[in-house]
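Structure record follows, encoded as structure tokens.
Derivation of every value follows stated rules applied to the coordinates shown; laboratory data play no part. From a predicted model like this one, the values you see are computed outputs, not experimental measurements. Note that we place each Cβ from the backbone using ideal geometry, even for glycine, and neighbour counts take in every protein chain shown.
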Amino acid sequence: MLFGHEKVSFLHLPTPLERLDNVSADLGINVYCKRDDLTGLGVGGNKLRKLEYFLKDAQDQGATMLITEGGAQTNHGRLTAAVAAKYGLKCAIVTADEYPGEISANLLLDGMMGCPVYFVKDMESGRQAVIDKYTAEGENVYYVPMGGSNELGILGYAECAMEMDKQAREMGIADATIFTTVGSLGTYLGLIAGLKVCGSSMKLRGINVLPYAGKGSDKDNLLAYMHDYFDRICDFYGDEFVYKKEDFDSISFDISTDYIHGAYNNAVEEVRDVMYYLARKEAIIIDPCYTGKTFEAVVSEAGRGRIKAGENVIFMHTGGLPGIYTKHHRVELERELMPYMHTDEF
Ligand SMILES: Cc1ncc(COP(=O)(O)O)c(C=O)c1O
């Protein structure tokens with residue numbers, strides 16, 4: 001029970017918090033990794049923590065089907081399909097992206113788990129048409145918003161912050177800075193809330209991976225969305241919540257927009273470089289869309305002395321592995337890794 005809400009527990013928690021010895025020695029800081037890529041169902045990832053709460057809400061409402069939306073390669077959609085499969089619900093994903101011409105990465109897993117993906121021309125009307133279709137067929141549809149980021153969607157990461165704070169205390173990791181990816185904001189706001197609940201001394205640094213629309217700078221636009229979301233959360237939970245609306249201005253939202261590299265889910269050489277680095281130092285695989293950009297921030301900020309020698313950093317591994325099999329990333333990876341293929345030497 002958190003802020004008055006229950007969940008269905010289907011994860012193996014706590015996820016490990018492990019020290020990356022090789023990377024730590026190399027960067028001269030203490031780097032730990034919170035392995036939320038190891039959350040279990042459907043290849044794992046951060047959205048499962050949110051889905052524990054959505055599933056409870058859906059079951060309470062007698063839902064027979066989950067419908068969600070996102071980019072064609074939505075990790076959140078894949079994990080919604082995973083939870084639906086496990087709990088005997090139907091599922092559908094709606095995307096306004098074009099069909100990419102191949103069934104790879106998350107799309108492949110969606111299909112394997114029996115979840116149809118609707119490529120629609122317009123999200124608003126397309127989503128409604130899909131919901132109407134299944135409702136007319138007799139399904140009781142529960143709609144999960146993009147990225148699972150609504151009021152309920154912060155609960156999973158509020159809980160994760162408390163879990164991590166306990167682990168850090170037990171492991172003697174003092175005053176760590178958590179580096180986490182900022183996409184649809186739910187993970188970040190959940191962590192902020194959870195750290196406050198347990199009075200944690202840990203700091204939170206968000207790495208934004210997609211530009212938010214608006215008239216201001218990337219940072220200003222993002223903060224405008226954050227403010228709106230924060231207000232909705234305060235209204236929704238009322239006195240059950242740890243913050244009040246008026247607290248927004250006094251919270252230090254330490255979020256960087258320096259690692260967006262211009263667009264969401266683009267192929268970026270610097271990101272692939274840190275993906276190789278982490279794979280070769282620790283055998284941990286990160287993805288090019290989300291965690292790669294966040295780990296780039298860890299490496300780059302350690303290199304520039306923004307993270308001081310000996311400081312503690314927790315890199316949140318939020319999953320996203322299937323992303324490496326997306327065509328536009330795969331072609332770059334294959335081109336760069338071709339020298340590792342020895343075809344005619346012996
Ligand atoms: C692998 C991965 N990491 C991080 C995020 C960002 O989480 P949020 O959308 O809650 O900000 C996402 C969102 O889709 C994701 O798929």
Item to check | Which of Asp287, Asp231 has the fewest Cβ neighbours within 10 Å, and the rest in rising order | outcome: Asp231, Asp287
Checklist outcome for this item: DSSP beta bridges in the chain: the antiparallel percent, rounded to 5, is 15
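Would you order Asp235, Asp218, Asp344, Asp165 from fewest to most other beta-carbon atoms within 10 Å of each residue's own beta-carbon?
Asp344, Asp235, Asp218, Asp165
Can you sort Arg272, Arg19 so the residue with the fewest Cβ neighbours within 10 Å comes first?
Taking fewest neighbouring Cβ atoms as first place, the list is Arg19, Arg272.
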Checklist outcome for this item: If the chain between Asn22 and Asp220 were fully extended at 0.36 nm per residue, the gain over the current Cα-Cα distance would be 67.6 nm
Checklist outcome for this item: Per the rule of 0.36 nm per residue minus the C-alpha distance, extending Glu240 to Asp57 adds in nm 64.1 nm
Checklist entry - Between Glu311 and Asp132, what is the FRET efficiency for a Förster distance of 45 Å, r being their Cβ-Cβ separation, to the nearest 0.05? => result 0.25
Checklist outcome for this item: Flagged as over-length at 32 Å C-alpha distance, from Lys7/Lys281; Lys50/Lys121; Lys121/Lys215; Lys166/Lys281; Lys47/Lys327; Lys7/Lys133, the pairs are Lys7/Lys281
Next on the checklist: Give me, ordered by chain and number, the residues 5 or more places off Leu204 or on other chains with an amide H under 5 Å from its own placed amide H.
Outcome noted: Ile178
Checklist outcome for this item: Note: Ala279 to Asn266 extended length (0.36 nm per residue) minus current alpha-carbon separation gives 2.7 nm
Next on the checklist: What does the C-alpha gyration tensor say about the overall shape of segment 172-241? Classify as rounded when a/c is under 1.5, otherwise prolate if a/b is larger than b/c, or oblate.
Outcome noted: oblate
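For segment 47-148, rounded, prolate or oblate, judged on the Cα gyration tensor with a ≥ b ≥ c (square roots of eigenvalues), a/c < 1.5 rounded, else prolate if a/b > b/c?
oblate
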Next on the checklist: For a protection proxy built on the mean count of beta-carbon atoms within 10 angstrom, sort 252-258, 34-40 highest first, please.
Outcome noted: 34-40, 252-258
Checklist entry - Under the classification rounded if a/c is under 1.5, otherwise prolate if a/b is larger than b/c and oblate if not, where does the chain fall, given a ≥ b ≥ c as square roots of the Cα gyration tensor eigenvalues? => result oblate
